[in-house]
Structures are given as structure tokens and as C-alpha cells.
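Worksheet for the structure shown next.
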Amino acid sequence: MVKSILTRKTSLPDRAQWQSRLDAVMPKLREVLEAEQGFVSVEYLWGMGDDGEFSQITTWKTLEDCQRYVRDGGAATVGAYEDRVIPTASHPDGGWVRKTFESVETA
């Protein structure tokens, strides 16, 4: 499995507001994600630093599935829906960082 972790900061002041807005947009995000070939799951994490940082973790069957999602516009669509309800923080805190990892099974 392949995990893609997208991290950014929001301008929203607290987790409860972020959670409420995320809950409202999740049906639309799931609709886009579930239409993508090789999509397995999505998870969101709220940063413990109380600075508005959060992460979106998507899981894919293969690296090619993940790359297709990013390159063919699915990720941009999800990002646009997210940013409408969870606005990105102003510069210099508004950078979006995506890193991709392969899952490792341990014995």
C-alpha cells in the first residue's frame, strides 16, 4: 500500500471549527476519492501544536494509482473543495506539502 500525506495550515482558529467544516465537506471529498482507481482510504489529523496544522492521509493500492490521482486532477479537485471550507493560512504559513510513502509490514 502507498500512503500520501498532505500537510498544510489553516486560518481557522480552533479544532472544533475545523472538525465541523471538515465533517460538512467530507461527503463531497469521499465522492471524488472513491471514484479514483486504487483508492483505499482517507484520514485527517489535527496538529497538536494548536497552530492550525493538519494532515490528510490517503491510502492507495499502488504508487501508480497515487500518482494518477495527483497528476490527473483528483487531488486538485479535493484540494479546491477543502480550501473553500477550510481556508489555507496566509503566507508564509500557507504552503502545502505532499510526501508519499510505501507501507512496510513488520513481523
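The values are calculated or read from the model by the stated rules, or taken from the named source; none is laboratory data. The shown structure was predicted, so the numbers you read here are calculated from the model rather than taken from an experiment. We place every Cβ from the backbone using ideal geometry, glycine too, and count neighbours over all the protein chains shown.
Out of VAL78, VAL70, VAL42, report the one residue that is out of contact with any strand residue (DSSP E or B) (no Cβ under 6 Å at 6 or more places or on another chain), of a type in the set (Val, Ile, Thr) and within 18 Å of THR10 (Cβ to Cβ).
VAL78
Here is a list: SER20, SER90, SER55, SER4. Which entry is modelled with pLDDT of 95 or more and either on the phi > 0 side of the Ramachandran plot or out of contact with any strand residue (DSSP E or B) (no Cβ under 7 Å at 6 or more places or on another chain) (or both)?
Exactly one residue qualifies, and that residue is SER20.
Looking at LEU45, LEU12, LEU22, which one is under 13 Å from the mean Cα position of the chain (by Cα) and either over 16 Å from VAL97 (Cα atoms) or surrounded by 16 or more Cβ atoms within 10 Å (Cβ to Cβ) (or both)?
LEU22
Given ARG84, ARG68, ARG98, which one is among the charged types (D, E, K, R) and surrounded by 17 or more Cβ atoms within 10 Å (Cβ to Cβ)? Working first, answer last.
Numbers: ARG84 fails: surrounded by 17 or more Cβ atoms within 10 Å (Cβ to Cβ); ARG98 fails: surrounded by 17 or more Cβ atoms within 10 Å (Cβ to Cβ).
After applying the criteria, what remains is ARG68.
How many residues are assigned to a strand (DSSP E or B), within 28 Å of VAL104 (Cβ to Cβ) and among the charged types (D, E, K, R) if we restrict to region 2-61?
Summing the residues that are assigned to a strand (DSSP E or B), within 28 Å of VAL104 (Cβ to Cβ) and among the charged types (D, E, K, R) in region 2-61 gives 4.
Looking at (1) surrounded by 15 or more Cβ atoms within 10 Å (Cβ to Cβ); (2) outside any helix (DSSP H, G or I), find the lone condition where VAL78 falls short.
VAL78 satisfies every listed condition except (2).
Being touching a residue at least 60 places away in the same chain (Cβ under 8 Å) and in a loop (DSSP other than H, G, I, E, B) is the requirement here; does GLY94 meet it?
Yes: the conditions hold for GLY94.
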